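Structure first, commentary second.
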Amino acid sequence: MHDPVIMQAAAALDAGQLVAFPTETVYGLGADAENPAAVASIYAAKGRPQDHPVIVHVAPGASLDYWTTGVPPEARQLADAFWPGPLTMILKRAPNIPDAVSGGQDTVGIRCPSHPVAIALLQAFKNGKGGVAAPSANKFGHVSPTTAQHVRDEFGDDPRLAAVLDGGQSEVGIESTIVDLSRLATHGPVLLRPGHISAEAIAAVIDQMPARPDTAAPRASGTLESHYAPHTPVAMQDTATLADTLARLAGAGRKVALIHYSAMPAVHAAVHLPATPEGFAHALYAALRAMDGTGADLILVEAPPQEGAWLGVNDRLRRAAHGSSGIVHGLINNTPAF
């Protein structure tokens, strides 16, 4: 990535335009976090609900105290341990930060990404003092992009998008871990979204295991029940029943796109993913996008193991498959699925 390209992208952000850029998790659709009109254009381009907050990305060494207020020592410990990296912290929003980035809440999500292109952009934008509000660079609720081409496929020639910076395929492949530290006195740390950095890894730093989300928890990116979904219905089945299901679907004349990690019979379309949580996560969104384009009646996913290391992957797949219950039975028996 040449410096002039980065400088042009930073200038576009400064002018209130949108820039898509790579992070180690997924590609983000970025705008100046302190420009409410620019942030509003993210929401418009994505078709994102106004009350669904975005994450502010900052350069290495950025001051947490500029963006947040009452920063607890736990936040500084986690930043020291995991930044730059795929961890987002929810903290109380500083009064000078517009509520456009927080969906009207008094909190803000903040992280420092580790992708070299993202870091270069953040260091160039406002001389490293700015923040880039950036949800994933896709239409709201769809599969997140892990390549620059995914972003182009999603937005085409949208005039609001000034640049798409290409940094190759995202290494992690699923969105950042989100931990709420805004209510430590009453609720302790709360894991709002699992990701590459586990609850155990967080606990090892702050000596407290994050709790599961509660009803009073702040709204956070990517935590709606239906999310990360391709256009084709998605269903998950465990390894033991999958081969029988595939045979029954074939007998009913159904086209199946299969995402699997074990040996399985041939189907209409398939992609074989690594049987490790890191390898599976890295390739998952690209696989969902590829299978979505095969004209299948159904994307069938071999359910991953349930161990903790697979928590982030299972979270994304559960949301992708939300609302598709009964689809397999319906396709086999030629009855309505819902």
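Structure data summary
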| item | result |
| --- | --- |
| Inter-residue pairs, beta-carbon under 7 Å, first surrounded by fewer than 24 Cβ atoms within 10 Å (Cβ to Cβ) and at pLDDT 95 or above and in region 13-32, second among the charged types (D, E, K, R) and part of a strand (DSSP E or B), 6+ apart | D14/D32; G16/D32 |
| Single residue of region 304-325 satisfying the filter (surrounded by 15 or more Cβ atoms within 10 Å (Cβ to Cβ) and modelled with pLDDT under 90) that is nearest to I197 (Cα to Cα) | H322 |
| Unique match (being in contact with a strand residue (DSSP E or B) (Cβ under 8 Å, 6 or more places away or on another chain), among the acidic types (D, E) and more than 24 Å from H231 (Cα to Cα)) among D65, D106 | D106 |
| Extreme residue, farthest from L191 (Cα to Cα), among residues of region 219-247 that are assigned to a loop (DSSP other than H, G, I, E, B) and among the aliphatic types (A, V, I, L, M) | A229 |
| Which numbered condition G279 misses (of (1) surrounded by fewer than 17 Cβ atoms within 10 Å (Cβ to Cβ); (2) over 22 Å from the mean Cα position of the chain (by Cα); (3) of a type outside the set (K, R)) | (2) |
| Residues satisfying the stated conditions in region 199-230, i.e. at pLDDT 90 or above and in contact with a helix residue (DSSP H, G or I) (Cβ under 6 Å, 6 or more places away or on another chain) | V205, I206, M209, P210, P230 |
| Residue match in region 178-200 (condition: among the polar types (S, T, N, Q), touching a residue at least 60 places away in the same chain (Cβ under 8 Å), assigned to a loop (DSSP other than H, G, I, E, B) and not assigned by TED's automatic domain parsing to the domain that holds P86) | no |
| Scan of region 248-300 for residues that are among the hydrophobic types (A, V, I, L, M, F, W, C), in a loop (DSSP other than H, G, I, E, B) and closer than 19 Å to G173 by Cβ, ordered by number | L273, A275 |
| Residues that are acidic (D, E) and within 20 Å of S198 (Cα to Cα), drawn from region 257-294 | E278 |
| Test for A75: is it under 17 Å from A220 (Cβ atoms), modelled with pLDDT under 95 and not polar (S, T, N, Q) | no |
| Residue ID - farthest from the chain's Cα centre (by Cα), chosen from residues in region 176-218 that are surrounded by 14 or more Cβ atoms within 10 Å (Cβ to Cβ) and among the basic types (K, R) | R183 |
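The values are calculated or read from the model by the stated rules, or taken from the named source; none is laboratory data. A quick note: this is a predicted structure, and the numbers were derived from the prediction, not measured. Counting neighbours? That spans all protein chains shown, and the Cβs are built from the backbone with ideal geometry, glycine included.
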